[in-house]
Amino acid sequence: MSNKVYKPKAISGFPEWLPEVRLVEQQWMDHIRRVFESYGYCNIETPSVEELDVLRAKGEVDKEIYVLERLHKDDDDESEARLAMHFDQTVPLARYTAQHFNDLVFPFKRYQMQRVWRGERPQLGRMREFYQCDIDVIGIDNLPLHFDAEMPAVIYEALEGLNIGRIQIKISNRKILLGLLESMDIKDMIAVTRSVDKLDKIGVDGVVQNLEVDGLSKDQIDTVMTLVQSKDLTSITPANEQMKEGLEELIFVMDQLKHLPEGAVVADLSIVRGLDYYTGTVYETNLLDIPEFTSSVCSGGRFDDLASSYINKHLPGVGISIGFSRLFDVLYQNGHIKTGAKSPADILVILPNKEQRALASETAQALRKRGLKVELYHAPQKLAKQLSYAEKKGISHVWFPPFDEGGKHEVKNLETKEQIEADPNTWTKDA
RNA sequence: GCGGCUGUAGCUCAGUGGUAGAGCCCUCGGUUGUGGUCCGAGUUGUCGCGGGUUCGAACCCCGUCAGCCGCCCCA
């Protein structure tokens, strides 16, 4: 045997958690899943990989894609499709929808909670492997605008229940800004939308400077900045049909969301999203209680035609994605996530001595049958050791089976130190 | 992909040319059926890696890799 060890180290951008943190992460996921399902979204899971050609069907992707290959593959072998890790869940959804088109019921409402991979430089809130929790709805030929309002409603409920402080979902409609730019005959719309998108990060002056670089005239910049900072949607005069349509849609969506608390959802015309496939409504979400983290933790929007690269149908959709790992990591690093137990167990059953091993095991089993999570201590070690084990793991109760034939069961609450006689067939935690 | 900063024990760090340290964590003990405190003992290191300068390098120089932050982009 060699004593040479490969010293393990974390791989940057590929997070992993200790059990007590993972426990919280799982609770979050359970909660989000419950909310999604309460609105009737069904779950699907797609493979971690897609064919590289599928990922690139919409043209070149500027994201860094991880490619998967076999170590012993034949270099000349062209018979194998090149596989790549998916970088989001929207492209896999499009492929899935096209592929199973005849077996799906439309509007197709699905949620997906999986890891995705992007080869970007890691930073706080930016990883190379991370979870996203997506909900999307896809219709055939048309999809009611009401779904555009359902997205933020579902998301607000999901995030609100996580106890992460105040969140704000910002909504806009790309048709508004794009309509205006078109009316002004501006060529490089993508550059302009990217500049505008940075408003809350670099401020008005920063955006103005960027727009100058983008080649806009003073008047054009004034017009754009005035629109983008407008608070009152009804006061805006549309410059063309597209802009008018966008305004009407946005006003409709906001109207549908009146039931949410003040400030939970706001219209913000500076939200346009980078280049992406969004064509109408767009969403971004900020953590108001962590102002130093300005990036969105939950984004999405409407796309006119999701799957045209994979099927000859017109399939409009609207969707939104919680950047789960980003959200979790940012809150954790900022000390907003309190971890508790290092174990899911409610009870540690003590092993009193070797003679009572069978009884201890039966006791644990009786408690488990009643829905409790129970760990049994297997080594016949001194009680101090067994108790301190329960304490370190954060298990709240310790169960003492009888030490001798005919003795009584006892259970101890480690927080209150209270120890009482109890029957494993009737005892409950809250009693 | 570009720019800045940083690499010493599992963690946080001290050590600026002369035999590698502290605190925390961890393990054991402080006797026989009850933890968290306290006391005692103990384990833990290619000083990121490679080269150079020097009698001598964790320390100075060069390179390299890794990490963090910012940019780009985005969840």
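If you scan region A:381-400, which residues turn out to be more than 37 Å from the chain's Cα centre (by Cα), of a type outside the set (Gly, Ala, Ser) and within 10 Å of RNA strand B (Cβ to nearest atom)? Before the answer, list the steps.
First, the residues of region A:381-400 that are more than 37 Å from the chain's Cα centre (by Cα): A:381-387, A:399-400.
From the residues that got through so far, the ones that are of a type outside the set (Gly, Ala, Ser) too are A:381-383, A:385-387, A:399-400.
The answer is A:381, A:382, A:383, A:385, A:386, A:387, A:400.
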For region A:230-257 the number of residues that are out of contact with any Gly (no Cβ under 8 Å at 6 or more places or on another chain) and either modelled with pLDDT of 95 or more or not in a loop (DSSP other than H, G, I, E, B) (or both) is 13
Report the residue count in region A:115-163 for those that are away from RNA strand B (no atom under 11 Å from the Cβ), part of a loop (DSSP other than H, G, I, E, B), open to solvent by 10 Å² or more (accessible area, probe 1.4 Å) and within 19 Å of residue A:320 (Cβ to Cβ).
5
Qualifying positions in region A:284-300 - open to solvent by less than 10 Å² (accessible area, probe 1.4 Å) and near RNA strand B (Cβ under 9 Å from one of its atoms)
A:285, A:297, A:298, A:300
For residue A:50, which of the numbered conditions (1) at pLDDT 95 or above; (2) open to solvent by less than 20 Å² (accessible area, probe 1.4 Å); (3) part of a strand (DSSP E or B); (4) more than 16 Å from RNA strand B (Cβ to nearest atom) fails to hold?
(1)
Scan A:213, A:208, A:272, A:192 and give me the residue that is within 16 Å of RNA strand B (Cβ to nearest atom), buried (at least 16 other Cβ atoms within 10 Å of the Cβ), farther than 18 Å from residue A:146 by Cα and without any contact (Cβ under 8 Å) to a residue 24 or more places away in the chain.
A:208
Is it the case that some residue within region A:359-375 is free of Cβ contacts under 8 Å to residues at least 40 places away in the same chain, hydrophobic (A, V, I, L, M, F, W, C) and over 21 Å from residue A:19 (Cβ atoms)?
no
All conditions in (1) crowded, with 20+ Cβ neighbours inside 10 Å; (2) among the β-branched types (Val, Ile, Thr); (3) modelled with pLDDT under 95 are true of residue A:35 except (3)
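The values are calculated or read from the model by the stated rules, or taken from the named source; none is laboratory data. As the structure is a prediction and not an experimental result, all values here were calculated from the model. Methodologically, a virtual Cβ is constructed for each residue, glycine included, from the backbone with ideal geometry; neighbour enumeration extends over all protein chains shown. The accessibility values were calculated without ligands, DNA or RNA, using every heavy atom of the protein model including side chains. Shrake-Rupley method; radii C 1.70, N 1.55, O 1.52, S 1.80 Å.
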